[in-house]
Every structure is written in structure tokens, then in C-alpha cells.
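Let me begin by presenting the structure, written as C-alpha cells, before commenting on it.
The values are calculated or read from the model by the stated rules, or taken from the named source; none is laboratory data. None of the values given here were measured: they were computed from a predicted structure. In this analysis, Cβ positions are derived from the backbone assuming ideal geometry, glycine residues included, and neighbour counts consider all displayed protein chains. In case anyone asks, the SASA skips ligands and DNA or RNA and just uses the protein heavy atoms, side chains included. Shrake-Rupley method; radii C 1.70, N 1.55, O 1.52, S 1.80 Å.
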Amino acid sequence: TFDVKVGEVTCLLGRNGVGKTTLLKCLMGLLPAKEGAVNWEGNPITTFKPHQRVHAGIAYVPQGREIFGRLTVEENLLMGLSRFPGSE
Ligand SMILES: Nc1ncnc2c1ncn2[C@@H]1O[C@H](COP(=O)(O)OP(=O)(O)OP(=O)(O)O)[C@@H](O)[C@H]1O
Ligand SMILES: [Mg+2]
């Protein structure tokens, strides 16, 4: 269990294969949560589809081959903000 505070950067660390990507995909709704709950701004979003989480204000920038290979690292990161105009 952990909280991500508004205005802070939260960093998830762990050795290879410990489940970091799995957790992030679960928070984004790309993988179903087998148990437990995800809350966003005080409201449960555990059953939300990925696009509903985007509307709620969540974004996910993947790694590896899922990125846009022709964009820079910075441009890939900014893609996560593209849903939120003026937030760059
Ligand atoms: N809570 C969990 N319970 C059981 N298996 C899990 C859990 N979380 C992840 N796994 C499994 O562990 C494996 C590695 O998970 P994942 O790719 O998320 O790790 P990672 O921390 O992102 O690794 P890397 O540092 O290599 O990117 C996957 O096969 C995944 O299905
Ligand atoms: Mg990973």
C-alpha cells in the first residue's frame, strides 16, 4: 500500500522482475487487479477502463518497444501530457 501525494514525484524502485511495470499497467487499467483497490483523488477507480483513467487525469508512458521510436526521450515523456493541454 502506498500514497502518491499531489505535487510530489514518487519513485518506485526494485530489482528486475519484481513487478514495477506490472503495477504501473495495473494502475493504468491495462492489466486487471486481482485484489486490492486503486483510488484516485479519493475515489475508487479499480474498475475503470484505461480511457476512463485518462479522462480522470492519469497517463502512462511505457518503456522498451512500446515507445515512439522516431521521437526523442523528452518527446516521448511529453506524450503523456498530450491529453492535458497547457500542462507542459
Ligand atoms: N504481484 C505479482 N504477483 C505475481 N507475479 C507478478 C506480480 N507482479 C508481477 N509479476 C510477474 O513478474 C514478472 C516480472 O514483472 P514486471 O515485468 O512487472 O517486473 P519489472 O519490475 O518491471 O521488471 P524490469 O525491471 O525488468 O522492468 C512478470 O511475469 C509478471 O507477470
Ligand atoms: Mg519493467
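Look at where the Cα atoms of segment 53-75 and of segment 13-47 average out, and the two centres are 17 Å apart. The packing ranking of peptides 71-77, 50-56, highest mean first, is 50-56, 71-77, where packing means the average number of other beta carbon atoms within 10 angstrom of each residue. Simple rule: put +1 on each Lys or Arg Cβ and -1 on each Asp or Glu Cβ in the chain, find the dipole, and look at V6, P85, L24; the Cα lying farthest toward the positive end is L24.
Got a number for carbon plus sulfur as a percent of the chain's accessible area, 1.4 Å probe?
For the chain, the apolar C and S fraction of the accessible surface comes to 56 percent.
For the chain, the per residue solvent-accessible surface stands at 85 Å², with DNA, RNA and ligands left out and a 1.4 Å probe. Apply the a/c threshold of 1.5 to the C-alpha gyration tensor of segment 1-42 and tell me whether it is rounded, prolate or oblate. The shape class here is oblate.
The amide H of W40, built 1.01 Å from its N in the peptide plane, has I45 as neighbours under 5 Å, considering only residues 5 or more places off or on other chains.
Shown here for the chain: chymotrypsin sites (Phe, Trp or Tyr not before Pro) in loop regions (DSSP other than H, G, I, E, B) with at most 13 other Cβ atoms within 10 Å, namely F2, F68. Using θ = phi - 60° in the Karplus curve 6.51 cos²θ - 1.76 cosθ + 1.60, the 3J(HN,Hα) couplings for segment 35-46 round to 7, x, 9, 10, 10, 10, 6, x, 10, x, 10, 4 Hz; x is entered for Gly and Pro.
What fraction, in whole percent, of alpha-carbon pairs in the chain exceed 17 Å separation?
Within the chain, distances greater than 17 Å cover 57 percent of Cα pairs.
The order of C11, C26 by accessible area, most exposed first and with a 1.4 Å probe, is C11, C26. Could you compute the FRET efficiency for L81 and V18, with r as their C-beta to C-beta distance and R0 at 35 Å, rounded to 0.05? E between L81 and V18, to the nearest 0.05, is 0.80.
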